[in-house]
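Working notes, beginning with the structure itself.
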Amino acid sequence: MRPALPAPLPLPVSPAVLPAVSLNGTRSGADGPAVPMSPADLVESALAAVAAGAGEVVVHPRTPCGRESLSPRVVGPVLEAMRGAGVLVPLSVPASVGAEPDPAGRLERVRSWTVLPDRAAVGFAEPGAAELAEALLARGVAVDAVVPLGGPAGPEPMARFLAWPVRAPGRVRLAAELAAADPALVAGLRGLPPVAVLLYGREAAAWPVLRLAARCGTGARTGVGDVLHLPDGRRARSNAQLVAAARVALDRAALGRAARDRAGRGGPAVGGPAATTGSR
């Protein structure tokens, strides 16, 4: 017997029909030709992903030697190149331990940025998350509060997020990284601060979590930064191919939600209250 589908979250959510795309993540050239490494490759990959239907681009800026960096001399040129080439969707960068291990160093870096992203991801499994998020908001950068759920990090990241007084809910999004597509993990998000929600997974969890996000009506994410294979198991050739596959899954889920809503009008309600769409 299949488990019951989770009801849409009664929270403002990001548009599920336009997935975010993680262009490169923590990947390297060893992960295959689908991973864009050079600035020119990142721009080309971003343009193709947006043309395929991505509504947001997540990029991990890197030095010429391939190391992740939050330096304004690294972050700024990547953002300028993408915007100059016509990438017109929101651009997001991670302000994470992978780019700067020291919490004070992360604060110093983001305060020194001369070119700002639209959003920045702050890992609440990492020390200094709340202070870093406040610094970004003070600079006019929206924040993705990244909280892993169902994995080895345990409940502490969510506890840190809940302890942070969200003063600007319209500029904060909860980016929940699910270890598995477990509806119980999503049910645990009810009653949280009224922020937008994005669900995503990595590797084997990526596609099941994307389908779960579609059923819940939250934002979703794909890209070689998260997964290297298509839903049928074939190796993805590009970020654009992953985005196209994600759009198919999201569109099918939208049709399914519409059919359930129509059926619910004449009989017992199907699922929970409809989710609303929040602005970024």
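The values are calculated or read from the model by the stated rules, or taken from the named source; none is laboratory data. Predicted model only: the values in this text are computed from it and were never measured. Here the Cβ positions follow ideal geometry from the backbone for every residue, glycine too, while neighbour counts run over all protein chains shown. To get the accessible areas, we keep the full protein, side chains included, count just its heavy atoms, and leave off ligands, DNA and RNA. Shrake-Rupley method; radii C 1.70, N 1.55, O 1.52, S 1.80 Å.
Things to note:
- Among the residues of segment 40-50, those that are of a type in the set (A, V, I, L, M) and either in contact with a helix residue (DSSP H, G or I) (Cβ under 7 Å, 6 or more places away or on another chain) or farther than 15 Å from LEU18 by Cβ (or both) comprise ALA40, LEU42, VAL43, ALA46, LEU47, ALA48, ALA49.
Per-residue answers, yes or no, for (1) open to solvent by 10 Å² or more (accessible area, probe 1.4 Å); (2) closer than 19 Å to ALA121 by Cα; (3) touching a strand residue (DSSP E or B) at 6+ places or on another chain (Cβ under 6 Å):
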position: ALA179; (1), (2), (3): yes, yes, no
position: ALA184; (1), (2), (3): yes, no, no
position: LEU212; (1), (2), (3): no, no, no
position: ARG221; (1), (2), (3): yes, yes, yes
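- Neighbours by Cβ (under 6 Å, 6+ apart or cross-chain): first from segment 60-74, under 12 Å from VAL93 (Cα atoms) and of a type outside the set (Val, Ile, Thr); second part of a strand (DSSP E or B) and open to solvent by 30 Å² or more (accessible area, probe 1.4 Å): GLU68/ARG62
- Within segment 120-141, being open to solvent by 10 Å² or more (accessible area, probe 1.4 Å), in contact with an Asp or Glu (Cβ under 8 Å, 6 or more places away or on another chain) and closer than 25 Å to VAL89 by Cβ holds for one residue alone: ALA121.
- Looking across segment 1-23, the residues that are out of contact with any helix residue (DSSP H, G or I) (no Cβ under 7 Å at 6 or more places or on another chain) and either at pLDDT 50 or above or part of a loop (DSSP other than H, G, I, E, B) (or both) come down to MET1, ARG2, ALA4, ALA7, PRO10, LEU11, SER14, PRO15, LEU18, ALA20, SER22.
- Residues satisfying the stated conditions in segment 55-79, i.e. touching a Leu at 6+ places or on another chain (Cβ under 7 Å) and either in a loop (DSSP other than H, G, I, E, B) or open to solvent by 20 Å² or more (accessible area, probe 1.4 Å) (or both): GLY55, VAL59
- Checklist (1) at pLDDT 95 or above; (2) buried (at least 21 other Cβ atoms within 10 Å of the Cβ) applied to GLY233, failing item: (2)
- Qualifying residues in segment 226-248 (those that are within 18 Å of the chain's Cα centre (by Cα) and among the charged types (D, E, K, R)) - the one farthest from ALA180 (Cα to Cα): ARG247
- Residue satisfying condition, being within 22 Å of PRO19 (Cα to Cα) and assigned to a loop (DSSP other than H, G, I, E, B), within set MET82, MET37: MET37
- Odd one out for TRP207 among (1) open to solvent by 40 Å² or more (accessible area, probe 1.4 Å); (2) at pLDDT 95 or above: (1)
- Per-region count, segment 175-204, residues at pLDDT 95 or above and at positive phi: 1
- When we screen GLY225, GLY201 for residues that are within 20 Å of HIS60 (Cα to Cα), open to solvent by less than 10 Å² (accessible area, probe 1.4 Å) and free of Cβ contacts under 8 Å to residues at least 40 places away in the same chain, the only hit is GLY201.
- Residue within segment 149-172 that is open to solvent by less than 10 Å² (accessible area, probe 1.4 Å) and within 20 Å of LEU18 (Cβ to Cβ) present: yes
- Yes/no for PRO268 being farther than 26 Å from VAL43 by Cβ, modelled with pLDDT of 80 or more and more than 18 Å from the chain's Cα centre (by Cα): no
- Of the residues making up segment 85-117, those that are in a helix (DSSP H, G or I) and either touching a strand residue (DSSP E or B) at 6+ places or on another chain (Cβ under 8 Å) or open to solvent by 40 Å² or more (accessible area, probe 1.4 Å) (or both) are ALA85, PRO103, ALA104, GLU108, ARG109, VAL110, ARG111.
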